[in-house]
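The values are calculated or read from the model by the stated rules, or taken from the named source; none is laboratory data. Predicted, not measured: the structure shown is a model, and the values here were computed from it. With ideal geometry, Cβ positions are generated from the backbone for all residues, glycine too; neighbour counts draw on all protein chains shown.
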Amino acid sequence: MKICSYNINSIRARKELLFKWLEKREFDLDILCLQELKAEEKDFPFEQFAARGYEAAVFGQPRYNGVAVCAKNGLSEIRQGFGDPEWDDQKRIISCRVNGIAVINAYMPHGSERGGDKYNYKLKWYARFLDYLEQQCDPGESLLVVGDFNVALEDRDVYDPELLHDVIGTMPEEREALRGLLDWGLVDAYRHLHPDSAGYTWWSYMGGGIWKDEGMRIDYILCTKPLLEKLVSAEVDLWPRRRRKPTPSDHAPLIAEFGD
């Protein structure tokens, strides 16, 4: 089973590139989790996915946020958001089951400089997400938590730790919030297999960062231990990020494969 996490940065703007990339891969992904759709459900290409054998579940809003799970083998137990109106005005989380495996796809808040409203919201959102895991999930079950976490967990997850010290995405309190999810019972699939590889998933549009490999690793596929035992591979597919036209997302897809 192959699962992919991909911040698409507008499904309408990147749809052509997305399907070119999927065709190039011969539609080998079993589960595709998209973030930052920037579109409502009515604007999602359900029919195009269905034509390729995928069922899709979407939690979207115009211009901002939005998440989707597309799966070949059907979805069940679909849940949009936390089920909490206080938190679900921003469409950032969708969960489901695929062949008995629980999948949570999340787009964590970007945040802002320390002390700002968006900074506070980001940390509170992480706390709400951890509470969601504690209340709704079991680290002893087969669970995948994937998405754009907007945090580089360690200095080795950024191209220049000195330049990017204590900025948005590397602040100690942000890293502590992400570690809280790992402490609950999740394992970073990519880092587990690649302890010495950068594995960047995001590069700024400015300054040609993708060509200089000046990136950050802020997208993750996290799994519980029952799935860790079946982890086969984890890779970043740079092909869609290195396209010049149409303009790509600033993220690259992260893919992990698990055995039966």
Residue, surrounded by the fewest Cβ atoms within 10 Å (Cβ to Cβ), within region 84-122, restricted to residues that are closer than 29 Å to Asp30 by Cα and of a type in the set (Gly, Ala, Ser): Gly100
Which numbered condition Leu182 misses (of (1) at pLDDT 95 or above; (2) out of contact with any Gly (no Cβ under 9 Å at 6 or more places or on another chain); (3) over 22 Å from Glu229 (Cβ atoms); (4) of a type outside the set (S, T, N, Q)): (3)
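Each row is one residue, and each column tells you yes or no for (1) more than 21 Å from Gly147 (Cα to Cα); (2) aromatic (Phe, Trp, Tyr).
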position: Thr201; (1), (2): no, no
position: Gly207; (1), (2): yes, no
position: Glu214; (1), (2): no, no
position: Tyr220; (1), (2): no, yes
position: Leu231; (1), (2): no, no
position: Ala234; (1), (2): no, no
position: Arg241; (1), (2): no, no
position: Arg244; (1), (2): yes, no
position: Phe258; (1), (2): no, yes
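Provide a single number: the residues in region 230-242 that are of a type outside the set (A, V, I, L, M) and more than 15 Å from Arg25 (Cα to Cα). Break it down stepwise before answering.
Residues of region 230-242 that are of a type outside the set (A, V, I, L, M), as a first pass: 230, 233, 235, 237, 239-242.
Subsequent filtering for residues that are more than 15 Å from Arg25 (Cα to Cα) retains 230, 233, 242.
So the count comes out to 3.
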Criterion (outside any helix (DSSP H, G or I) and free of Cβ contacts under 8 Å to residues at least 40 places away in the same chain) met by exactly one of Ser197, Ser233: Ser197
Among (1) assigned to a loop (DSSP other than H, G, I, E, B); (2) at pLDDT below 95 - the single one Ser249 does not satisfy: (2)
Subset of region 1-13 (residues that are surrounded by 19 or more Cβ atoms within 10 Å (Cβ to Cβ) and either under 19 Å from Val98 (Cβ atoms) or in contact with a helix residue (DSSP H, G or I) (Cβ under 9 Å, 6 or more places away or on another chain) (or both)): Met1, Ile3, Cys4, Ser5, Tyr6, Ile8, Ile11
Looking only at region 1-23, and only at residues there that are under 19 Å from Ser233 (Cα atoms) and either part of a loop (DSSP other than H, G, I, E, B) or of a type outside the set (A, V, I, L, M) (or both), the one that is farthest from the chain's Cα centre (by Cα): Met1
Residue pairs meeting the criteria (Cβ under 7 Å; at least 6 apart or on separate chains; first farther than 23 Å from Val69 by Cβ, in region 106-125; second surrounded by 20 or more Cβ atoms within 10 Å (Cβ to Cβ) and of a type in the set (S, T, N, Q)): Gly111/Asn150
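Matching residues to (1) of a type in the set (A, V, I, L, M, F, W, C); (2) not in a helix (DSSP H, G or I):
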| site | (1), (2) |
| --- | --- |
| Pro161 | no, yes |
| Leu164 | yes, yes |
| Glu173 | no, no |
| Tyr220 | no, yes |
| Pro240 | no, yes |
| Arg244 | no, yes |
Any hit, region 202-209, residues being touching a strand residue (DSSP E or B) at 6+ places or on another chain (Cβ under 9 Å), at pLDDT 95 or above, among the aromatic types (Phe, Trp, Tyr) and closer than 30 Å to Asp131 by Cα: yes
Qualifying residue in region 7-19 (condition: charged (D, E, K, R) and free of Cβ contacts under 8 Å to residues at least 24 places away in the same chain): no
All positions within region 123-153 that are outside any loop (DSSP other than H, G, I, E, B), hydrophobic (A, V, I, L, M, F, W, C) and surrounded by fewer than 20 Cβ atoms within 10 Å (Cβ to Cβ): Leu123, Ala127, Leu130, Leu133
Selection count, region 61-81, where residues are assigned to a strand (DSSP E or B) and basic (Lys, Arg): 1
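Yes/no per residue for (1) in a strand (DSSP E or B); (2) under 24 Å from Ala57 (Cβ atoms):
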{"site": "Gly83", "(1), (2)": "no, yes"}
{"site": "Gln90", "(1), (2)": "no, yes"}
{"site": "Ser95", "(1), (2)": "yes, yes"}
{"site": "Val103", "(1), (2)": "yes, yes"}
{"site": "Tyr121", "(1), (2)": "no, no"}
Qualifying residue in region 49-71 (condition: at pLDDT 95 or above, exposed (fewer than 14 other Cβ atoms within 10 Å of the Cβ) and either under 22 Å from Cys223 (Cα atoms) or within 16 Å of the chain's Cα centre (by Cα) (or both)): no
